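Here the structure is laid out as C-alpha cells; the discussion comes afterwards.
The values are calculated or read from the model by the stated rules, or taken from the named source; none is laboratory data. Computed from a predicted model, the values in this text were never measured in an experiment. Positions of Cβ are generated from backbone atoms using ideal geometry, with glycine treated the same way; all protein chains shown enter the neighbour counts.
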Amino acid sequence: MPVNNPKELFLLMLSDLRQGTERTTKLFEDISGVVQDPDIKEALEARVFVSQKILSTLDHCFKLIGAQPVKLSGHLYEVFAEDFRKELAELQNPTVRKLFILAKASHLLHLRIAEYKALIAAADLSGHYAVGVLLESCLADKLAFAERTQRFIREIAETRVAEKIAARPAA
C-alpha cells in the first residue's frame, strides 16, 4: 500500500497493530497448549482473553476513524512463530523451556508496546483523541502483562539460585 500522507500512515500502522495482535493472540494460544507449568499456562490463557478484548478495542478504533484495516503481509509474525516452535522443540529442560517461553513473550510484548506508543502519538497528531484514549487502555494491558512476565522470570531465577545454594555442602 503506497503511503502518501499522515492519515494513510496512521491507517497502515493501526492495521499492522491489529493484524499483529491477532497473530500474537494465536501464538499465545499455541504456546499455552505446550506449556506444562500451570502458572504460566494460566497467565497465557489470561493473556489470550485480554488480547481478544484488545482486538475488539482496535476494531472500535477503526470504526471511530471511519476506515477498515488494510491487509498486510504479517511476515514478521510468521517468522517469529516458526522460529519459536523450532527452538522450543529443541529445549528439553523444563526450567529452560519456561525461561525461553517467557523471554519470547517478553520480546513480542515490547515490540507491541513500542507500536502502541507511536500510534498514540500519531492519534493525537491526527486529531483522533478518542482513538488515543482507547490505544492507551490497550497499552496499559500490555504493560501489565510485561510486568507480570518479568516477575515470572525473576521468580524462576530466584528459585534456581535458591536450589543451587541449598544443594551446596555445608561448610
Test set (1) surrounded by 17 or more Cβ atoms within 10 Å (Cβ to Cβ); (2) touching a residue at least 24 places away in the same chain (Cβ under 8 Å); (3) assigned to a helix (DSSP H, G or I) - residue 32 fails condition number: (2)
Count - residues of the stretch 121-138 that are buried (at least 19 other Cβ atoms within 10 Å of the Cβ), at pLDDT 95 or above and over 14 Å from residue 63 (Cα atoms): 1
Meets criteria (touching a Gly at 6+ places or on another chain (Cβ under 7 Å) and either closer than 22 Å to residue 48 by Cβ or not aliphatic (A, V, I, L, M) (or both)) for residue 124: yes
Lone unmet requirement of (1) in contact (Cβ under 8 Å) with a residue 24 or more places away in the chain; (2) at negative phi for residue 74: (2)
Selection from the stretch 57-90 of residues that are in a loop (DSSP other than H, G, I, E, B) and modelled with pLDDT under 90: 71, 72, 73, 74
Filter result (surrounded by fewer than 20 Cβ atoms within 10 Å (Cβ to Cβ), assigned to a helix (DSSP H, G or I) and in contact with a helix residue (DSSP H, G or I) (Cβ under 8 Å, 6 or more places away or on another chain)) within the stretch 35-46: 39, 41, 45
